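Scroll down for the structure; my scribbles are underneath it.
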Amino acid sequence: MKEAIRSFFAFVVYSLISKGISVPEPISWMVSNVLRAIYLRDLLKRLRINCVLDIGAHHGSYVKTLRRLGFTGHILSFEPNPHSFKLLSGLYSSDPLWKGRNIALGSRNTKMPFNLTELSDMSSLLTPKTANVSAIEDVEIKRLDAIADEMFTTIENPRVFLKVDTQGYDLEVIKGATGCIDIIQGFQSEISVVPLYEDMPHYLDSLRFYESMGFSLMNLFTVSRSPKKANVVEYDCLMARL
């Protein structure tokens, strides 16, 4: 019965395709986002994640998605942009298992200038190629392994998943987690085929480093394409320790 239904569905779909039926881009992206959300939900369950670190939290949309997907564990958000963090802090105050810190994560414990852009979701420790910098502020940066002990003291047997969206700085965040890598079961990172920031790593270099840390590539989802030629600009990669 299942095979018959599958065959019928395939027949209908390919018949529509052969007749030139096209799917509007908004619907295509909506379907893609639904499939990504389903995959993320299933991956978190498979890895038995009880704590998510939302690194580069911006205004908290990722956490909202996690809660809608049914994730009930601990969440700690990191956002260096003071203006974005002010909005973020108003959200997590109503969720007892969601906390936030107004710092950046990286490969060194230091301070660095942070580029605030007119579009706040493009703000970065790196210099953007496609966005205008409206202001620069110094922000505190910590290695993840330098603050891991204090973060996980109240979590029994932490199984951690990282969501890393730091506008070109993701690789540095993972480099700063080498001392606590054993509790990290998986992560989600934006990797760039076409660099949107100065000095950001190529996506293949990022993947090679992630694999050298003992993680396997689980899936790739397209984040953005060039509006002119439709080539891939960025991927979301999901990695896991198998």
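What is the diffusion coefficient of the chain in µm²/s, taking the Kirkwood radius over Cα pairs and the Stokes-Einstein relation at 4 °C with a viscosity of 1.567 mPa s? Mind dumping the intermediate values first?
On the way: Rh = 19.3 Å.
Rounded to a whole number, D works out at 67 µm²/s.
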**Request:** Pull up the cross-link candidates among the aspartates and glutamates for residue 228, meaning alpha carbon to alpha carbon under 16 Å and not fewer than 8 places away within one chain.
**Result:** 25
**Asked** Where both partners of a DSSP beta bridge lie in the range 37-169, what percent of those bridges are antiparallel, to the nearest 5?
**Response** 35 percent
**Message:** From zero outward in steps of 5 Å, how is the percent of C-alpha pairs of the range 121-242 spread across the bins?
**Reply:** 2, 10, 19, 22, 18, 14, 9, 4, 1, 0
**Item:** Net length gained if the chain between residue 156 and residue 46 were fully extended (0.36 nm per residue, minus Cα distance)
**Value:** 37.8 nm
**Asked** For the chain, what relative contact order do you get, as a whole percent, if you take Cα pairs closer than 8 Å and at least 6 residues apart?
**Response** 15 percent
**Message:** Using a 10 Å cut-off around each Cβ, can you sort 237, 180 from fewest to most neighbouring Cβ atoms?
**Reply:** 180, 237
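Would you calculate a helix-derived [θ] at 222 nm for the chain, using -39,500 (n - 2.57) for each DSSP H run of n ≥ 4 and dividing by the full residue count, to the nearest 500?
One gets -10500 deg cm²/dmol as the mean residue ellipticity at 222 nm.
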**Complete:** Residues other than residue 127 with Cβ under 10 Å of its Cβ, Lys/Arg counted +1 and Asp/Glu -1, net out at -1
**Asked** From the phi of every residue in the range 94-111, what ³J(HN,Hα) in whole Hz does the Karplus formula 6.51 cos²θ - 1.76 cosθ + 1.60 yield, where θ is phi - 60° and glycine or proline is x?
**Response** 9, 10, x, 9, 10, 10, x, 9, 8, 9, 9, 10, x, 8, 9, 8, 6, 10
**Item:** In the range 1-99, trypsin sites (Lys or Arg not before Pro) in a DSSP loop with at most 11 other beta-carbon atoms within 10 Å
**Value:** 19, 48
**Asked** Among 166, 72, 65, which comes first, second and so on when ranked by fewest other beta-carbon atoms within 10 Å?
**Response** 72, 65, 166
**Complete:** Pairs over 20 Å Cα to Cα, from 142/175; 64/129; 111/175; 142/163; 129/175, come to 64/129; 129/175
**Message:** I need the helices of the chain that pass two filters: whole DSSP H segments spanning 20 Å or more by Cα along the axis, and mean Kyte-Doolittle score no lower than -1.0.
**Reply:** 2-18, 25-46
**Request:** Hey, can you grab everything whose amide H is under 5 Å from the amide H of residue 139? Only 5+ residues off in sequence or another chain; H modelled, so Pro and N-termini drop out.
**Result:** 112, 114
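Return the loop-located trypsin sites (Lys or Arg not before Pro) in the range 187-242 (DSSP other than H, G, I, E, B) with at most 11 other Cβ atoms within 10 Å of their own Cβ; answer none if there are none. Don't skip to the answer; put the middle values down first.
On the way: sites: 208, 225, 228, 229, 241; in loops: 228, 229, 241.
Of the trypsin sites (Lys or Arg not before Pro), the ones in loops of the range 187-242 whose Cβ has at most 11 other Cβ atoms within 10 Å are 228, 229.
Laboratory data are not the source of any read-out in this text; all were calculated from the coordinates shown. Source: prediction; values computed, not measured. Cβ coordinates were reconstructed from backbone atoms using ideal geometry, including for glycine residues, and neighbour counts include every protein chain displayed.
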